[in-house]
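Have a look at the structure below before the remarks.
The values are calculated or read from the model by the stated rules, or taken from the named source; none is laboratory data. Bear in mind that the values here come from a model prediction, so they are computed numbers and not experimental data. Don't worry about glycine lacking a Cβ; one is built from the backbone with ideal geometry, like all the others, and counts go over all protein chains shown. In case anyone asks, the SASA skips ligands and DNA or RNA and just uses the protein heavy atoms, side chains included. Shrake-Rupley method; radii C 1.70, N 1.55, O 1.52, S 1.80 Å.
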Amino acid sequence: QITTLINHKDKPKRSDKTLQAIQRVGQAVNLAVGRFVTVGEAIANENHELKEEMSVACIEARRAGETIAQLTDVANLDHPESDSHITIFTDKTGVVKAARLLLSSVTKVLVLADRIVIKQIITSRNKVLATMDQLEKVSSFQEFVQIFSQFGNEMVEFAHLTGDRQNDLKDEKKKARMAASRAVLEKCTMMLLTASKTCLRHPDCESARINKDGVFHRMRLALEQVIEIVTDSRPNGENEMAPISIYSGIKEFKNKVEGLRENLYFLSKENLSTMLEVILEHTEDFTDSAYTSHEHREHILELSKQAKMELEQLVSVWMQAQNQKTKDLMEDLEVAILKTCQCMNDLKREVHSAATSLAADLLKYHTDHMVLKALKITGVEGNLEAVAEYTCKLSEQKEQLVEMCRLLRHVSGTEPLEITCIHAEDTFQVTGPQIISAAETLALHPSSKIAKENLEVFCEAWESQLSDMSLLLREINDVFEGRRGEKRVYLSLPRPGKHNANLKALKPVKLDTEEQAKIAKLGLELHLLTSDVDSETEKWEDQENEIVQHGQGMSSMAYSMYLFTRGEGLLKTTQDLFHQAEIFATEGTKLASALHALSDQVHDDKPLLLLEAEKLISMCKQLQITAKASAQGKSATFTKVDACILKTRNVMTLLCQLLPLCCKLLRKNKAGNGCLKPAPPWKEDRIRTGTNARTPERRVDTFGIKSLENHVTNMTFLESK
């Protein structure tokens, strides 16, 4: 909005439409600043140590926003500019100064708010650690129940804080590390409950103590890693060692080789030789592995040898070209570059095939979980000899899966997937011995229900990780085949050849800067409406309610349409937007059906509900007609975009009125149960599929909060023996 104001063209003639547009933009800026500052002031009141700094920044921002609104108050300008009334036309430098002050003060508020968030996370972590220390030392069930209840509440708070932080992280690598740490905390919270109970029931059992100690140790490491990510620091000031993979090595090596086309002198032959040596050293992880097939091993060795030869030839031609830059030599250099790069591509393909085929075979072989089932059975029987036999088999399985993760890391293709592979490797390394100690405890105490429950929890963690590996393998293959990049695509986006047979014939069009400026206010209104809808849906206790799910889906799609008006997000072209509008309208029609179903269950306000449902159907039909209408030429296409956004905004306005009405009717209908929580709840976001999928930009999953809360509230089931 500010850019629009500063870049407006100074024309001698200004129409009423231009004047009104400038005033609307100025008012929108002031309104946005007002909302932003209100939040900043609320944060300041809750955090006295930064209150003064935050208040000053908020005052500056508010003053700048008001100045911009005054300078753009030109809609009713009916006197010459020589008058005393100062506007954007008479004092453009004033707008520039106000804009600079605004951006500076907004940045200050954000930095101060960020410091507060980091402090909150550290404080929450310290609470969790202190309670963990108490849990580790308890000696009675009664004391354990009390402290674990407190611990559960503290972990829920930590989950919310870190979930929000993960959503805010821009660095995909850090985001992946945070997700991995939070996944560990999710699983370990349940493990800590059963492992501690087992230890309390069997205080003299060494295997139970080892089992419990392992859980506490892993949780502390995960908590520490979260703080490292949040504060962007490492213990003792050491630098983080980035995992080196064959893929990243080959990518960097090829970039250097191809750079020789532009500059023959920007690196030395020793640098290239060293880079290739490092890559070939990593291929030894494949050739030395007992699980790599003979065929793959031979191919990798052949390609490694060929790569050395191609580099030697490249260096020879390169050195000659440095001394004498003839046409023939430059052609020879081009051939050498192409051959070297092709050889590296072949090597990359071979190691990918070796890693993924091994992973597919292992995951298929271990899907029946026979070893885990046998451990459970022999443990309940108290058969120590059989348990020992199956723990050996589980150790072998663990080694296979750990090796699989190491090889997959080399071919993962992106840093986030590399980190996911490392997390999976750690999980198998740690969970294997924990299953063994839990099985040994059960074999020593075969009638113990707690020991049996404990083994079940650890086995479930193992099975869950195996299931995650299948998804990870699919993602790695998708990256290799170019089906996805760093981020997931929104599921309702059009894909050439799938949703529309004529899509390839349509020329993709993007809004230019001027068009974005024209539609900015409408986009901002849409954004504010999505926030209002999200706020309303969060008030519903039953997040599985059909009305809530349709509302959330529509809000998500409207948000992606707002991002389109800014030239951001996953909707890249006008055709993407029109398809999204169609999906949005379809979702609105489904919501109308859900409203009709609700009207059959309620008595009060039934006519009003049916009337609103009919309005919604009519609006959605109009939007679908607009989205499907053909538009030829730039002007017609922009008019269609404007109409789609406008009609989407109207539907969202109606949705803001419908959601509280429906919730009120359900609350009356379910007297005694209610559909509203007493306070705005934290909720676990679910990953949605189809048209209800939430966009990656807006949501992040909190770890198993619901299940944790259930454990905390159901602590009364502890045996009293």
Exercise for review: May I ask you to give the solvent-accessible area per residue for region 126-234, in square angstrom, as obtained with a 1.4 angstrom probe?
Suggested key: 39
Revision key, fill the gap. With the 8 Å Cα cutoff and a minimum separation of six or more residues, region 246-357 has a relative contact order in percent of 36
Review point. In Å², what does the accessible area per residue of region 361-481 work out to with a 1.4 Å probe?
Key: 42
Review point. What nm distance separates the two modelled labels at ALA42 and LEU264, each placed 7 Å from Cα along Cα→Cβ?
Key: 6.6
Check your understanding: For labels at GLN429 and GLU525 in the simple 7 Å Cα→Cβ model, what's the distance in nm?
Key -> 5.7
**Study point:** Accessible area of PHE480 in the full protein assembly, 1.4 Å probe (Å², nearest 10)
**Key:** 70
Review point. Any idea of the accessible area per residue across region 246-357, 1.4 Å probe, to the nearest Å²?
Key: 55
Review point. Under the definition of Cα pairs under 8 Å and six or more residues apart, what whole-number percent is the relative contact order of region 361-481?
Key: 33
Check your understanding: Based on the Cβ-Cβ distance of GLU396 and GLU546, what FRET efficiency does E = 1/(1 + (r/R0)^6) give at R0 = 51 Å, to the nearest 0.05?
Key -> 0.60
Check your understanding: At a 1.4 Å probe, what is the % contribution of carbon and sulfur to the accessible area of region 361-481?
Key -> 51
Point to revise | Protein accessible area in region 126-234, 1.4 Å probe - carbon and sulfur % | key: 48
Practice item. State the answer as a single residue: which of VAL457, GLY379, CYS405 lies farthest towards the positive end of the charge dipole of region 361-481, with beta carbon charges of +1 for Lys and Arg and -1 for Asp and Glu, about the Cα centre. Key: GLY379
Review point. Between VAL96 and THR573, what is the FRET efficiency for a Förster distance of 35 Å, r being their Cβ-Cβ separation, to the nearest 0.05?
Key: 0.60
Review point. Just how much of ILE118 is accessible, in Å², when a 1.4 Å probe is used and the result is rounded to the nearest 10?
Key: 40
Check your understanding: Which FRET efficiency value, to the nearest 0.05, do you get for THR287 and LYS449 by plugging their Cβ-Cβ distance into 1/(1 + (r/R0)^6) with R0 = 51 Å?
Key -> 0.55
Point to revise | Solvent exposure, largest accessible area first (probe 1.4 Å, DNA, RNA and ligands not counted), of ARG100, ARG63 | key: ARG100, ARG63
**Study point:** Label-point gap, in nm, between GLN134 and ARG115 - each point 7 angstrom along Cα→Cβ
**Key:** 3.1
Practice item. Give the carbon-plus-sulfur fraction of the accessible surface of region 246-357 in %, rounded to a whole number; probe 1.4 Å, heavy atoms of protein chains only. Key: 47
Check your understanding: Which whole-number percent is the relative contact order of region 509-670 (Cα, under 8 Å, 6+ apart)?
Key -> 31
Point to revise | Shape call, region 545-632: gyration tensor on alpha carbons, a/c limit 1.5 | key: prolate
